[in-house]
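Here's the structure, in structure tokens; my notes come after.
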Amino acid sequence: MDEQRSRYQGVCERITQAVLQAGRPTHSVKLLAVSKTFPADQVAAVAALGQRDFGENYVQEGVDKIVALNSVAGLVWHCIGPLQSNKTRLVAEHFDWVHSVERLKIAQRLSEQRPAHLPPLQVCLQVNIDGGPTKAGVAPADALALAQAVAALPRLVLRGVMTIPDAADGFDAQLAVHTQAKRLFDELQTALGLPHFDTLSMGMSADLEAAVQAGSTLVRVGTAVFGAR
Ligand SMILES: *Cc1c(COP(=O)(O)O)cnc(C)c1O
């Protein structure tokens, strides 16, 4: 019956172990529970275990859950999926974070559409760290220019970088690509000098240990928290 609890605790333990293994400070890595395709009552069950941050890929599905779980205090909602212009208003009105900003035009719309009564939207730039031309994300070489433009928008706070590298086989290969992302993150942090640029969103169910070793500050975990989709 408490499969949900043991899956959740298992993920929390994996993160704790990975942080220890990497010699990093306790609580330096946040868990984002990726709830896409799972119903609101299962999200509520994970929230009841103490989880606060949830990630959704599909805007309308995410908004439906945000509305359904409105009475659960303290939840933080992250949009982590591809974002089209016609969905920016819904995102700006409902989510707390967006990890998948890859174009200035989308960022401008999010800033313009962020309601005045809400705090600024927290955003990460999605960077195409392993470089496939068909993959989402800004090219690493263009990341600084985009970051500077996004940071200047009034209703957004630029928090960092998000990556979704192709699945790599084995810890060493995973570590190599995550280390590239960490290097880019550090370069941007130095070049930008922004006080809130503190988030490196990388690592999922299959590679969170390597991501934490490389310096991830937020792992996005779906399957290992909620079960198979
Ligand atoms: C689905 C998804 C995840 C979680 O993937 P799992 O392998 O289920 O942990 C993380 N990030 C993004 C962007 C996703 O779409």
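Every number here is computed from the coordinates shown, using simple stated rules; none is lab data. The structure presented is a predicted model; accordingly, all values stated were derived computationally and were not measured. Heads up, the Cβs are rebuilt from the backbone with ideal geometry, glycines too, and the neighbour counts pull from every protein chain shown.
For the reader, a short list of remarks on this structure follows.
- The chain: relative contact order as a whole-number percent, Cα under 8 Å and 6+ apart: 21 percent
- When the square roots of the Cα gyration tensor eigenvalues are ordered a ≥ b ≥ c, the ratio a/c for the stretch 135-185 is 1.5 or more and a/b exceeds b/c, which makes its shape prolate.
- Computed extension gain for THR190 through VAL67, at 0.36 nm per residue and net of the alpha carbon distance, reaches 40.4 nm.
- Computed E for ALA173/ARG5 - FRET, C-beta separation, R0 41 angstrom, nearest 0.05: 0.80
- 26 Å Cα cut-off, lysine pairs counted over the stretch 2-226 (separation 8 or more, or different chains): 13
- Amide H contacts under 5 Å for LYS30, placed H, 5+ residues apart: LEU218, VAL219
- Computed P(r) (all Cα pairs; the stretch 69-214; 5 Å bins; percent): 2, 10, 20, 21, 20, 14, 9, 4, 1, 0
- Total charge dipole magnitude, the stretch 82-208, about the Cα centre, Cβ charges on Lys, Arg, Asp, Glu only, Debye to nearest 20: 620 debye
- A dipole drawn for the chain from +1 and -1 charges on Cβ atoms has a positive end, and of GLN21, ALA147, LEU90 the residue lying farthest that way is LEU90.
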